[in-house]
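One structure is given below, encoded as structure tokens.
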Amino acid sequence: MPRNFPRAELERLLGARVAGFDRVQSGGYGLVNAHWLARLADGRSVFVKHALTHEAEEWLRTERLVYGHVRGSFMPECLGATDGVLVLEDLSSADWPPPWSSQRIESVLGMLSDVRSSARPSGLPRLEDMRSAIVGWPTVADDPGPMLSTGVCSAHWLEAALPALLRAADAAELDGDDLLHADVRSDNLCFKGVGPVLVDWNIACIGNGEFDVAFWLPSLRLEGGPQPWEVLPDARGLATVVAGFFAARAGLPPPAGAPTVRDFQVRQLEVALPWAARESGQAAP
């Protein structure tokens, strides 16, 4: 698929001539999606996400499903979409964290409560059905080498802690009827006058809404926020699930389209693993 700006599709979707556009660098899977800010002849500016692979097209279909059914102040305005192009309001002038304050953290927690009680579009996957992909500790048990290569813990610590981590993750409740964004972090949320706004809904699913909170907390800590257990004191196994997600991935080669993601996952694991150890009654790594 070409990487060129999708001018014709955008003009057809919006009924306006494109006067100019700029490529936007993404911190995520920037080689499978292209991101643009487009200036229209009628004075508007819009954000354009352009799928560059078949996998990215599938992600955009999930986003279109969410934008078509979910309503709330936490949703950006969707201005149009095709199978390969998604057009949203321009949020470049919004306030993108960090820094964080206690008020902002509380507003995000309130927003996530609104998300979980929102409409649940038919066709979204269930978090429980993805358990084997999310709960990474069985993968680590089969081959601890990649995790140990990160230096986050010793082989001795992992051998002693692994049985408890496996039990805690296996007992964690992932199923539920809540809408989940499933990738909450600062580069996927911003603040407007209406409050927090969540973008990048490409892996939205249905399940236990507390997973969104738990998954957010390691990156929040890295940006100056509180320890995860101060925000979610009773994670009921979700801390172990989150730590296992990063433990199974952080030591692997970077995936196509995301050359820096492993470094970020190592840093998140450095936060999540002590949280999981604390939750499962193990010594700190």
*Kindly list, by first and then second residue, each pair from a residue in the stretch 67-82 that is exposed (fewer than 15 other Cβ atoms within 10 Å of the Cβ) to a residue that is not in a loop (DSSP other than H, G, I, E, B), limited to pairs with Cβ atoms under 6 Å and residues at least 6 apart or on different chains.*
Ser73/Gly195; Glu77/Glu89
_I need a count of the residues in the stretch 185-206 that are assigned to a loop (DSSP other than H, G, I, E, B), of a type outside the set (Gly, Ala, Ser) and at negative phi._
6
*3 or more residues in the same structural domain as Cys190 (by TED's automatic domain parsing) and within 19 Å of the chain's Cα centre (by Cα): qualifying helices (runs of 4 or more DSSP H) within the stretch 207-285*: 210-222, 238-247, 261-279
*From the list Ser107, Ser132, Ser92, pick out the single residue that is free of Cβ contacts under 8 Å to residues at least 40 places away in the same chain and of a type in the set (Ser, Thr, Tyr).*
Ser132
_Looking at the stretch 1-53 only, could you name the residues that are hydrophobic (A, V, I, L, M, F, W, C), at pLDDT 90 or above and more than 20 Å from Ser92 (Cβ to Cβ)?_
Ala8
*Only one of these is farther than 30 Å from Val87 by Cβ, touching a Lys or Arg at 6+ places or on another chain (Cβ under 9 Å), without any contact (Cβ under 8 Å) to a residue 60 or more places away in the chain and not polar (S, T, N, Q): Pro253, Pro233. Name it.*
Pro253
*Which listed residue is assigned to a strand (DSSP E or B) and of a type in the set (A, V, I, L, M, F, W, C), from Phe5, Phe21*: Phe21
*Yes or no: Ala56 in contact (Cβ under 8 Å) with a residue 12 or more places away in the chain and outside the structural domain of Val32 (by TED's automatic domain parsing)?*
no
*Give the residues of the stretch 35-50 that are touching a residue at least 24 places away in the same chain (Cβ under 8 Å), farther than 15 Å from Val24 by Cβ and of a type in the set (Gly, Ala, Ser), sorted by residue number.*
Ala41
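The values are calculated or read from the model by the stated rules, or taken from the named source; none is laboratory data. Everything numeric in this text was worked out from a predicted model, so none of it was measured. Neighbour counts run over all protein chains shown; Cβ positions are idealised from the backbone, glycine included.
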